[in-house]
Amino acid sequence: MEVFPVNQYDPLMPGIVMAMVAIVHVFMAQFAVGGGMLLCYFQWLAMTGRCENARLFVHGYFKWLVLISFVAGAATGVGIWFTAIQVSAPTIGQMIQNFHWIWATEYLFFLLEIIAGYLFYRYHERISDTACLRLLGMYAFAAWMSLFLINGIISWQLTPGGWIEDQSLFAGFFNPTFWPSTLFRTIVALTLAGLVACVVVNTMKELDQEAKRKLINYAAHLLVPMVAMPFLGVWFYFMMPTDSQGWVAGGSPAMTLFLNIAVGASLAIGGYAFVGLYLQKLYINGATATLLLLLAFGATAGGEFVREGSRKPYSIRYWMYSNGIFPHEVAKMREEGCLADDPYPLRDGTPVAGEITTRGAKVFRRQCAVCHTVSGINGVSELTVTWDADQMRMNIAKLQHTKPFMPPFAGNAEDLESLVRYLKWFDERNDEEAEKPFEEATLKTNQKWLDEAGTMPLSLPGETSLQAEEGEK
Ligand code: HEC
């Protein structure tokens, strides 16, 4: 397998950099999808005479939609590719290899979205109402198709399902979490569009309070599907791999925290929408609407973190580990070392003491750097600060047992020793200690620990790591 080195952004961890770009993009993209649907609704309200200011609103809102979805959405979309190839080129490689036709189709829909959007933007004042509705319908359909297609690929990473057996495109695309997540994201898209509408209405100076309140109450209709969210959430949960369920349900405090943020923020929005907008038909001012939108951003961030985080130790469940190593490669790498096919030098200026620490730094980059920094966010030198060298050797040799959301160590006894020397050197800066020749006895114990750890991940389909750990005892 070809190696593509992880770009390290210390003190930020690559996964966090990826998550930041991805969360902003997902937020914008989902808004673009919901925005298209909302505009169709308001165009229809205008054409049937149900809401007198609907037409004015459509024209005002569309400018925001174009600005956000064409400019910011497209820029962060490119940003995702740019970041992803630096963080996990092997994962992106798999996504493209298996789903190139899906990506190609998605680009066509994106093109259609841009064309329909541009035509509307340019000509909406000169063409008939029906033509406007058709363009908006085309825009909304194309935008939603992008969501549909990309979500197939994204959800495949978490639950590849039957694809694992035969790599069939159909099984991979319509994987176990495909429908719950597609429907869930569609509802999120509608919610975001409704909340943005509340902000936009507040900026329309030409309207009086009563006219604004009416528009806001129509926009709130887009929040009604939120009632289905809990059911879709539960459906999604039951389709997740058993092990990932374990993480979010308390096995990993960070995952549980992010899940709680997502659920809490969604409940707050839903509760406000139900009581304020539906029961009492209140007017929301710009500040409240912005606050609700921020909550929605928090919910998106929490949700995406859970989806990303619960894939550990895989980037494609049961197929490829987060560090780009395939499970079937581990045994071979235990023999040949993990740098046999890694020709890349360290980046200029990486602090090392000599040959052994250089090797250690490369082992770190190959196996640990996607999820850790050396000394920063999730920094290994901080995590191991109380361990002596032997504890480090053993716990890293048995990585998947140390924490079951880490993959097994995929190198030989010398790789392990170099990594430990590098991490120790990073704290102590004792060049002589770090670069002294390897001792036979140490390598032997390293090998013993590696053999004891085995080359398999701790949890296999159908059980949680916690259950696997208990079975071991
Ligand atoms: C799939 C992502 C991932 C990979 C790859 C990974 N780790 Fe981790 N590791 C984690 C997470 C998440 C934690 C939990 C951190 C915490 O508890 O705050 C962790 C914890 C640790 C800890 C602390 C364990 C403890 O008992 O407190 C050490 C040490 C560690 N990792 C070392 C490594 C080393 C060395 C490598 C590379 C050989 C590596 N990890 C690869 C995700 C990963």
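The values are calculated or read from the model by the stated rules, or taken from the named source; none is laboratory data. Keep in mind that this is a model prediction, so the values were computed, not measured. Neighbour counts are summed over all protein chains in view; Cβ atoms, including those assigned to glycine, are modelled from backbone coordinates with ideal geometry.
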Original post:
For ASN175, all conditions in the list (1) out of contact with any strand residue (DSSP E or B) (no Cβ under 8 Å at 6 or more places or on another chain); (2) part of a helix (DSSP H, G or I); (3) surrounded by 20 or more Cβ atoms within 10 Å (Cβ to Cβ) hold save one; what is the number of the exception?
Top reply: (2)
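I'd like the full set of residues that are aromatic (Phe, Trp, Tyr) and within 18 Å of LYS212 (Cα to Cα), limited to region 45-95.
Selection gives PHE57, TYR61, PHE62, TRP64.
Take region 437-473 and flag every residue that is assigned to a loop (DSSP other than H, G, I, E, B), hydrophobic (A, V, I, L, M, F, W, C) and at pLDDT 95 or above. Steps first, please.
We begin by selecting, within region 437-473, every residue assigned to a loop (DSSP other than H, G, I, E, B); these are 437-439, 454-464, 473.
Imposing the further condition that a residue be hydrophobic (A, V, I, L, M, F, W, C) reduces the set to 438, 456, 458, 460.
Result: PHE438, single match.
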Subject >> Enumeration of residues in region 340-385 that are more than 10 Å from the ligand (Cβ to nearest atom), among the polar types (S, T, N, Q) and surrounded by fewer than 19 Cβ atoms within 10 Å (Cβ to Cβ) >> reply: THR350, THR358, SER375
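Please go through region 404-440 and pick out each residue that is among the basic types (Lys, Arg), within 18 Å of VAL380 (Cβ to Cβ) and surrounded by fewer than 23 Cβ atoms within 10 Å (Cβ to Cβ).
LYS424, ARG429
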**OP:** Answer with yes or no whether ILE115 is without any contact (Cβ under 8 Å) to a residue 60 or more places away in the chain, over 27 Å from HIS100 (Cα atoms) and surrounded by fewer than 17 Cβ atoms within 10 Å (Cβ to Cβ).
**Re:** no
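Right, ARG134: surrounded by 23 or more Cβ atoms within 10 Å (Cβ to Cβ), on the phi < 0 side of the Ramachandran plot, in the same structural domain as LEU294 (by TED's automatic domain parsing) and at pLDDT 95 or above or not?
Here the answer is no, as ARG134 does not meet what is asked.
Among what's in region 396-415 and is charged (D, E, K, R) and at pLDDT 95 or above, pick the residue that is farthest from the chain's Cα centre (by Cα). Give the derivation first.
Keep residues of region 396-415 that are charged (D, E, K, R), which gives 398, 403, 414-415.
Now drop any that are not at pLDDT 95 or above, which leaves 398, 414-415.
Numbers: LYS398: 28, GLU414: 35, ASP415: 31 Å.
Filtering region 396-415 for residues that are charged (D, E, K, R) and at pLDDT 95 or above, the one farthest from the chain's Cα centre (by Cα) comes out as GLU414.
Kindly evaluate VAL71 against the criterion of being at pLDDT below 95 and not assigned by TED's automatic domain parsing to the domain that holds GLU308. Walk me through how you get there before you give the answer.
Numbers: at pLDDT below 95: yes; not assigned by TED's automatic domain parsing to the domain that holds GLU308: no.
Answer is no for this residue.
LEU346 - would you say it is among the hydrophobic types (A, V, I, L, M, F, W, C), under 30 Å from PRO160 (Cβ atoms), assigned to a loop (DSSP other than H, G, I, E, B) and modelled with pLDDT of 95 or more? Step through it out loud before you land on a result.
Working: among the hydrophobic types (A, V, I, L, M, F, W, C): yes; under 30 Å from PRO160 (Cβ atoms): no; assigned to a loop (DSSP other than H, G, I, E, B): yes; modelled with pLDDT of 95 or more: yes.
For LEU346, the condition - among the hydrophobic types (A, V, I, L, M, F, W, C), under 30 Å from PRO160 (Cβ atoms), assigned to a loop (DSSP other than H, G, I, E, B) and modelled with pLDDT of 95 or more - is not met.
Every residue, every condition in (1) in the same structural domain as GLN167 (by TED's automatic domain parsing); (2) crowded, with 21+ Cβ neighbours inside 10 Å; (3) not aliphatic (A, V, I, L, M), yes or no:
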position	(1), (2), (3)
ILE269	yes, yes, no
ALA273	yes, yes, no
LEU282	yes, no, no
VAL306	yes, yes, no
SER315	yes, yes, yes
**OP:** Of the conditions (1) surrounded by fewer than 20 Cβ atoms within 10 Å (Cβ to Cβ); (2) at pLDDT below 95; (3) more than 18 Å from HIS25 (Cα to Cα), TRP101 clears all except one; give me its number.
**Re:** (2)
Original post:
List, please: which pairs have Cβ atoms under 7 Å, are six or more places apart or on different chains, and start with a residue in region 334-363 that is within 16 Å of GLU414 (Cβ to Cβ) and end with one that is of a type in the set (Ser, Thr, Tyr) and in a loop (DSSP other than H, G, I, E, B)?
Top reply: ARG334/THR455; ALA361/THR350
Original post:
What residue, of GLY309, GLY298, is among the small types (Gly, Ala, Ser) and either in contact with a His (Cβ under 6 Å, 6 or more places away or on another chain) or within 16 Å of the ligand (Cβ to nearest atom) (or both)?
Top reply: GLY309
